[in-house]
Every structure is written in structure tokens, then in C-alpha cells.
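The values are calculated or read from the model by the stated rules, or taken from the named source; none is laboratory data. Since this is a predicted model, take the numbers as computed values, not measurements. Here the Cβ is made from the backbone with ideal geometry for all residues, glycine too, and neighbour counts use every protein chain on show.
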Amino acid sequence: MAVGKREWPDVGDLVISTVERITDYGAYVKLDEYNKEGLLHISEVSSTWVRNIRDFVREGQKAVLRVLRVDQEREHVDLSLRRVTKRERREKVLAWKKERKAESLLRIASERLNISEKELYEKAGVLVEKEFGEIYGGLERTAREGAEVLVKLGIPKDMAATIEEIAKERIRLPTVMVKGTLELQCTKPNGAVLVRDALLDAQRIKKSSTTEVRIYVVAPPRYRIEVLAEDYKEAEKLLSKATQTALKSIGKSGGQGVFKREK
């Protein structure tokens, strides 16, 4: 069990489980996050009639199940497969993978700092969870913005620096790309220079350290513009700002331009 993890799940929780053995009346599974055993009764496998439970689950299979009952005295947990939607399954698997990744990164950090995982969790993990709701989200923010994110939470600077170093080494930050084509023309003698300046103005727009504006020559007067950002909303906003800057700049110089968005 990970440091700071509850010993038992609550009724209604979704849990990652591994099928260990199958009987005529159901499947016994191991709750991976709690190191407990649970029972998936055959009546909770599917909303349709189950002729053979092995058509739905098999030994060694990972499954996302919903907790129906918890009896701590008997150390028994009843589970359901049919009460989990496809969306819930996807979201739970993603959250579980992030949690495992966070545990791995904190384990590496504790080794580099030469302290126990428990001490690191108490001095850093608890504060990160409280602020971000999960440790991985805080580590992702640290990889993006630096150790100051952790220092502001009250985490010691040396500890924050080590966590930042590991986060930047091991976390690949998500990015999205939006793109389009700019056509810029100017018939003045120095038109090529004015077009170049308009494109440079677009590239120099104010942006964060996690966004990027790229402009390539396709074949004059056509230029490709790409924007990378953390999410589509931010990317679209930046693309609009960059293209409008270029069009406004070439317009002031006596030229003209159009922008075509690409899917």
C-alpha cells in the first residue's frame, strides 16, 4: 500500500483489480490499490444473462470494478463490473496510471534525498495533494513551472529542487497543435523585408513558457504557422493572436494578407 493511502475502499469507489481465480458463482480478485481480496459475483458481471463468466473475465485480467459492500471484520469486499460505464473505466485507468507514476517519482526522489518515502510524503506529498487534489497533477505543474510551485506550498527548497529535477526528467508534458496558412504580400520595393517583419511580429507575441509559435516558408507568399500549447483553448487563442498580429502588421506597411485555418 502506498504511503498515505486508505487501507480500505469506500462503498461506491472504483477500484483497479486483478482476477485471481474464477468459480461457477463469480470471480475472486485482488484489489491492486489496497492489497485486499474481493468477490465479483456472477450476478454483477453483466446486465445480460451470463452463461459462462469466462466470456467476460479471465485469470490475470485487470478490471475496473465498483465497490458494493465492505465488511472489514470479515475482510470481504463485494464488487460489480456491470455498474461501471466505459467512460468511468477509462478515467479510472488513467487516474491509476498517474498515481502509480507519481509513486514511482516520489520513490526516486526519496532515494536521491536519502530519506524514507514516508518522510517525503509527510513533508511534500501531503501538501501537493491538498493543493492539487492529486500528487501527479502537482508534479506535472512542477515540471512545467519549476520548483517555486512547491516552495510556495511550504516544501523545503532542496526537496523542491530535487522533485523538480526528477519531474522534468520523467514527465512528458501534454501538448496540442493548431495550424494554418498565412498569405502575405506587399508590392513595395522592400516588400520582402516588410513581410518578414510581419512574420517576426507574429512570432514575438507575448506567450507563456509552455507555448510555442512556429512559422515556416511554404512558398512565398504562403507561410505555415503552427502553435503548440497545453490545451486547444489556449492554442486557438494564441493562433488567433499571432495571425491577427501578422495581418495587422502587413496592413500597416501597405500590404495585404489572408489566413486559412487548417484542420
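Some points to look at:
- Some residue of segment 120-127 being more than 17 Å from ASP32 (Cβ to Cβ) and basic (Lys, Arg): yes
Okay, residues lined up against (1) assigned to a helix (DSSP H, G or I); (2) in contact with a Leu (Cβ under 6 Å, 6 or more places away or on another chain):
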{"position": "ARG82", "(1), (2)": "no, no"}
{"position": "ARG89", "(1), (2)": "yes, no"}
{"position": "ILE108", "(1), (2)": "yes, no"}
{"position": "GLU131", "(1), (2)": "yes, yes"}
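- Taking every residue in segment 159-171 that is buried (at least 18 other Cβ atoms within 10 Å of the Cβ) and pairing it with any residue that is among the hydroxyl-bearing types (Ser, Thr, Tyr) and assigned to a helix (DSSP H, G or I), at least 6 positions away or on another chain, the pairs with Cβ-Cβ distances below 7 Å are ILE163/THR142; GLU164/THR142; ALA167/THR142.
- Of all residues in segment 107-124 being under 17 Å from LYS168 (Cα atoms) and touching a residue at least 40 places away in the same chain (Cβ under 8 Å), the one that is surrounded by the most Cβ atoms within 10 Å (Cβ to Cβ): ALA109
- Filtering segment 246-261 to residues that are of a type outside the set (D, E, K, R) and over 19 Å from ALA192 (Cβ atoms) leaves only PHE259.
- Residue check, VAL77 under 20 Å from the mean Cα position of the chain (by Cα), closer than 18 Å to LYS5 by Cβ and either among the polar types (S, T, N, Q) or in the same structural domain as GLU44 (by TED's automatic domain parsing) (or both): no
- Residue match in segment 186-195 (condition: more than 30 Å from LYS97 (Cα to Cα), hydroxyl-bearing (Ser, Thr, Tyr) and part of a strand (DSSP E or B)): no
- The single residue among ARG196, ARG204, ARG224 that is touching an Asp or Glu at 6+ places or on another chain (Cβ under 9 Å) and over 30 Å from ARG107 (Cα atoms) turns out to be ARG224.
- Meets criteria (aliphatic (A, V, I, L, M) and out of contact with any Leu (no Cβ under 7 Å at 6 or more places or on another chain)) for ALA192: yes
- Qualifying residue in segment 249-258 (condition: of a type in the set (Gly, Ala, Ser), in contact with a Cys (Cβ under 8 Å, 6 or more places away or on another chain), in contact (Cβ under 8 Å) with a residue 12 or more places away in the chain and exposed (fewer than 14 other Cβ atoms within 10 Å of the Cβ)): yes
- Here the condition is being farther than 29 Å from TYR232 by Cβ, over 23 Å from the mean Cα position of the chain (by Cα) and either of a type in the set (D, E, K, R) or part of a strand (DSSP E or B) (or both); of GLU119, GLU183, GLU165, GLU103, it holds for GLU119 alone.
- Screening segment 1-61 for strands (runs of 3 or more DSSP E) wholly inside it with 3 or more residues that are surrounded by 20 or more Cβ atoms within 10 Å (Cβ to Cβ) and under 31 Å from the mean Cα position of the chain (by Cα) returns the ranges 14-23, 36-41.
- Taking first residues from segment 196-207 that are small (Gly, Ala, Ser) and partners that are in a helix (DSSP H, G or I), the Cβ contacts under 7 Å between residues at least 6 apart in sequence or on separate chains come to ALA198/ALA246; ALA198/SER249; ALA198/ILE250; ALA202/ALA242; ALA202/THR243; ALA202/THR245; ALA202/ALA246.
- Taking the criterion of being part of a helix (DSSP H, G or I), closer than 13 Å to LYS179 by Cα and touching a helix residue (DSSP H, G or I) at 6+ places or on another chain (Cβ under 8 Å), the residues of segment 196-252 that qualify are ALA242, THR243.
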